[in-house]
1. Would you point out the residue of the range 13-35, among those that are open to solvent by less than 50 Å² (accessible area, probe 1.4 Å) and not hydrophobic (A, V, I, L, M, F, W, C), that is nearest to Met112 (Cα to Cα)?
2. Among what's in the range 18-43 and is modelled with pLDDT under 95 and aliphatic (A, V, I, L, M), pick the residue that is nearest to Phe87 (Cα to Cα).
3. Among what's in the range 85-125 and is assigned to a strand (DSSP E or B) and among the charged types (D, E, K, R), pick the residue that is most open to solvent (accessible area, probe 1.4 Å).
4. Looking only at the range 44-63, filter to residues that are assigned to a loop (DSSP other than H, G, I, E, B) and modelled with pLDDT under 95; which one of those is nearest to Phe87 (Cα to Cα)?
5. Restricting to the range 172-204, what's the tally of residues that are of a type outside the set (A, V, I, L, M, F, W, C), part of a loop (DSSP other than H, G, I, E, B), buried (at least 18 other Cβ atoms within 10 Å of the Cβ) and at pLDDT 90 or above?
6. From Pro154, Pro215, Pro169, which residue is farther than 24 Å from Met26 by Cβ, part of a loop (DSSP other than H, G, I, E, B), modelled with pLDDT of 70 or more and in contact with an Asp or Glu (Cβ under 9 Å, 6 or more places away or on another chain)?
7. Name the residues in the range 1-40 that are closer than 22 Å to Asn93 by Cβ and among the β-branched types (Val, Ile, Thr), would you?
Amino acid sequence: MRSNLFDASNQERQTTDRWALQSPKMLRCSLNPQAPEIISSAGAMVAYQGQMDFSYQGSGGGMKLLKKMATGEGANMMRTRGHGEIFYARQANEIFLIQLEGEALTLNTRNMLAFDSSIQWDIRSLGGAGFMAGGLFNLFLQGQGMVAVTSDGPPMLLDCSQQPTFVDPQAAVCWSANLQPQIKNDFKMGSLIGRGSGESFQLAFHGPGFVVVQPSEGLPVGTGS
């Protein structure tokens, strides 16, 4: 049998790295009993080799549980342990790895693919936003470990320290945790009929730090079953 499907470029990447990009749109992670477990977005696993055990990621109780129940954020996270290799992807989006070395990062949960269980996480809301614009309850990550984020197309990195920066809530991938974005509404209430986000609401950033923007507003809210 002959096909370019069998080219070396399509074969599993051989590496000793625990986190590695199999391709720009697929992540390969190596697991063993001594390594931290991996927390991922539910449904992000596309294949694995070896022995894996999957379970829903608990909220940890307390305020985190209340936030999870109120917002729905974090409800679709999986914890994986085992021995072998596991592969993650989402809608053929591009994948980027971020190594946290004690720093903190705020992440749009729609763009969270996976992270080391050694990283502390919490659900954070943007004050005064309510539920109007969608995607306004985000994931705060801090500690030591790897984070994999997705971008629906090639991302852009914006420096927020020079001038006010405004981003569509659905296009914001992640940003410096020290930034406290505010909600900016450019339109009258009549414009909320219909989509109710995007051009009606923006996240306003200003201060030392960055925001990563994808060239897409992602999948429409509420299309899933």
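1. Looking at the filtered set, the residue picked out is Arg28.
2. Ala42
3. Glu101
4. Selected residue: Gln57.
5. Of the residues in that region, 1 qualify.
6. Pro169
7. Thr15, Ile38, Ile39
The values are calculated or read from the model by the stated rules, or taken from the named source; none is laboratory data. Note that the coordinates shown come from a computational prediction; the quantities given were computed from them, not determined experimentally. Cβ: placed from backbone, ideal geometry, glycine included. Neighbour counts: every protein chain shown. The protein model used for the area step is the full one, side chains on, heavy atoms only, and it has no ligands, DNA or RNA in it. Shrake-Rupley method; radii C 1.70, N 1.55, O 1.52, S 1.80 Å.
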